[in-house]
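A short write-up of the structure that comes next.
The values are calculated or read from the model by the stated rules, or taken from the named source; none is laboratory data. As the structure is a computational prediction, the values presented were derived from the model and not from experiment. Note that we place each Cβ from the backbone using ideal geometry, even for glycine, and neighbour counts take in every protein chain shown. For accessibility, only protein heavy atoms count, side chains too; no ligands or nucleic acids. Shrake-Rupley method; radii C 1.70, N 1.55, O 1.52, S 1.80 Å.
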Amino acid sequence: MKFIQNIFLLGYMLIVGLFFVCGVGLIVLAGVETWAALDFRDELKVRERFELILECVGLLTIAVASLELGQTVLEEEVQRSVNISSPTRVRRFLSRFLIVVVVSLSIECLIGVFQFMHGRPEYLLHSASIGLAAAAILATWGMFVRMNVDAEKLEPHAMHEVQAEDKEVDG
């Protein structure tokens with residue numbers, strides 16, 4: 001049994017490492033693109049520079065999401081060795097994940113609106129769809145958290161265990 005746990009731990013560490021490498025790679029790409037957008041030796045129009053910078057914001061958004069997801073997996077699966085059984089732990093893990101997803105989708109919606117508003121308004125519906133998806137996820141997440149409060153009342157000791165783990169991990 002311990003061998004299988006070590007295999008899972010190794011797999012989680014590999015996933016965390018890949019999240020961090022991807023996040024750093026996206027940051028580097030965004031830096032290169034930003035440099036290209038701000039290099040006035042190129043004969044780019046202001047609109048082209050604007051779109052390049054918006055793409056950089058999108059890359060950075062995905063980079064932050066990647067780094068945050070890596071941190072979440074590291075803290076929840078490796079440092080705490082979480083056995084997701086109590087409602088408190090499930091809510092915390094899902095909340096951390098959904099924060100990243102909702103914020104990323106919201107920023108992508110905003111970027112899409114800025115990009116398509118002047119140049120290609122026929123794609124605004126696509127951006128609106130992303131915004132609606134973010135809103136739906138946020139509303140559903142709120143309902144889940146609200147319903148989860150009653151389940152947490154059934155296991156008050158689980159809340160105390162999670163808070164003790166938080167103090168131990170935060171250190």
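One table, with the values for the structure above:
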quantity: With DNA, RNA and ligands ignored, accessible area of ILE130 (1.4 Å probe; Å², nearest 10); calculated: 60
quantity: Accessible-area ranking of PHE40, PHE114, largest first, probe 1.4 Å; calculated: PHE40, PHE114
quantity: Distance histogram for the range 39-78 (every C-alpha pair counted, 10 angstrom bins, percent rounded to whole numbers); calculated: 27, 29, 20, 15, 8
quantity: Gained length - VAL24 relative to ARG41, 0.36 nm times residue gap less alpha-carbon distance; calculated: 3.4 nm
quantity: Ranked packing of 72-79, 21-28, most packed first, by mean Cβ within 10 Å; calculated: 72-79, 21-28
quantity: Length released on extending from GLU48 to VAL90, taking residue separation times 0.36 nm less the Cα-Cα span; calculated: 10.7 nm
quantity: Cα-based shape type of the range 1-144, given that a ≥ b ≥ c are square roots of the gyration tensor eigenvalues and the cut on a/c is 1.5; calculated: oblate
quantity: Of every Cα-Cα pair in the range 1-56, the percent that sits beyond 16 Å; calculated: 59
